[in-house]
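K.L.:
Can you keep this structure in mind? I'll have questions shortly.
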Amino acid sequence: MRLEEVLRDAEIGALDLLDGTPPQILDHLVRAAALMTGAAAARINVITSEAQHAIADSTGAVGRDDLEASLCARALRRPERVQLVPDARVDPLFSDSVFVTSGAVTTYAAAQLVTAHGVSIGTLCIFDPQPREITQAMLDALGQLGEAAVQAMEVRRERADMGQLLQVLAGGSKELRRSNEHLAAFAGQVSHDVKGPLAAVQMALELIQEDLDGEEHDRAQLAAFVGTALSSARRMHGTVSGLMDFAVLGGRLQAEQVDAVAVVEEVLVDLAARRGATEVVVEPLPKLYGDRVQVRAVLQNLVANAFKHATTSDGPVVTLSGSTHDGRTTIRVADNGPGVPLAQREAVFELLVRGDAAADAGVDGAGIGLATCRRIVEAHGGSIGVGESPQGGAEFWFSLPDA
């Protein structure tokens, strides 16, 4: 067995792509690839030393094929990360495959799936029995979708690594206990924080499908939808990586100047599916000094909670504001929902605790988010709390030192 095959088998095994259930987002990505190119089908194939394994397919045709027939295994022999084969019948590398000789594939294009360790484990490919024009813009989009697919696989591996660390770490020194506590909280937080970006990905792909179901297609609009989906997927990966880096043993904050306005814009994109009819007012926001990934996790939690509570009232409104005073910067997120009773304003920041007003209003959630927000803010040397908003609802705030 060649070294590249050994490495590929090891990487596919570590990502648990064959024995486990592949990430659901892969199904969305292959459908997006087929819709964007107009191809008959799109598929994610991983290539082991023994076979080709289809783990996601726009038509649902997953399964296993022989390596001898695999077009994707052949595509991995070429150095190009993204490649187009306009007519596989006349390409010497592909022409003798049974998929080509049977007439199942004429036009073929593929983006190699290269992991963070630099190993090509397969491709995200599109194919059609008829000759089809594939533009450079389509190939660029195919490459980006392939990158998003790898990120989704890596995120799941990081979550699995986190779970293993939780089993290994037990008792011992103060640093071990600190890491164990952070990992326990962040294991739930990872799931909590990826829901927003994942919803944005799904919404963007649904808009693509609606546009393509119509009689005319606006390519610029489709490209914008794909861009939204990909940027949300990348933020999801960045959030998980950042939370993991901070949670593990010896993890430290990566403090820098943070543009709060830019972070809020990202959060609003990721939470667009939860916003509904809520009016959002963003007042001028000062810059913060802190770990950007962690600050965004705090803001995403506070804004998501504000959306949930505000929608229980007529004319829901969420307001974001900020100020700097005596070397500290404070960001406030206010809503016009039911508010938090005075007696519960400290307890809501404890793990798995929710306010009575939220429960009475039918607001869902496990109470993980606010507990993690407090951990992050206190790790920055800051403070966090909740009071009554000018609209009569809740106003959550957090304050960080400027340096």
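The values are calculated or read from the model by the stated rules, or taken from the named source; none is laboratory data. Note that this is a predicted model, so its numbers are computed, not measured. Glycine gets a Cβ as well: all are built from the backbone with ideal geometry, and neighbour counts include every protein chain shown. When the accessible area is computed, the model is the full protein with side chains, heavy atoms only, and any ligands, DNA or RNA have been set aside. Shrake-Rupley method; radii C 1.70, N 1.55, O 1.52, S 1.80 Å.
K.L.:
Defining a contact as two alpha carbons under 8 Å apart and six or more residues distant in sequence, what relative contact order in percent does segment 9-156 show?
P.N.:
So the answer I get is 26 percent.
K.L.:
Right, next: Roughly how many debye, to the nearest 20, is the charge dipole of segment 1-153 about its Cα centre, given +1 on each Lys and Arg Cβ, -1 on each Asp and Glu Cβ, and no other charges?
P.N.:
That gives segment 1-153 a dipole magnitude of about 240 debye.
K.L.:
Another question, if that's okay. Considering only the other residues whose Cβ falls under 13 Å of the Cβ of Leu3, what net charge follows from Lys and Arg at +1 and Asp and Glu at -1?
P.N.:
Counting the neighbours of Leu3, the net charge comes to -2.
K.L.:
Between beta-carbons, use under 13 Å as the cut-off and find the net charge around Ala75, counting Lys and Arg +1, Asp and Glu -1.
P.N.:
+3
K.L.:
Another question about this same structure. What's the local net charge at Ala56, with K and R +1, D and E -1, over the other residues with C-beta under 12 Å away?
P.N.:
After counting each charged neighbour, the total is 0.
K.L.:
Still on this structure: Going 7 Å from the Cα of Leu93 along its beta-carbon direction, which residues of segment 63-84 have the amide nitrogen within less than 16 Å of the resulting point?
P.N.:
Hits in segment 63-84 for Leu93 at 16 Å: 68-84.
K.L.:
Quick one: order Val298, Val98, Val261, Val114 from most to least accessible surface, probe 1.4 Å.
P.N.:
Correct descending sequence by accessible area is Val98, Val261, Val114, Val298.
K.L.:
Of the listed peptides 300-306, 54-60, what is their order by residue-averaged count of other C-beta atoms within 10 Å, with the highest listed first?
P.N.:
The most tightly packed comes first, giving 300-306, 54-60.
K.L.:
Taking 0.36 nm per residue of sequence separation and subtracting the Cα-Cα distance, how much length would be gained by fully extending the chain between Val6 and Glu50, in nm to one decimal?
P.N.:
14.7 nm
K.L.:
For Glu68 and Glu256, what does the FRET efficiency come to when R0 = 45 Å and r is the distance between their Cβ atoms, rounded to the nearest 0.05?
P.N.:
Given R0 = 45 Å and the Cβ-Cβ separation, E is 0.30.
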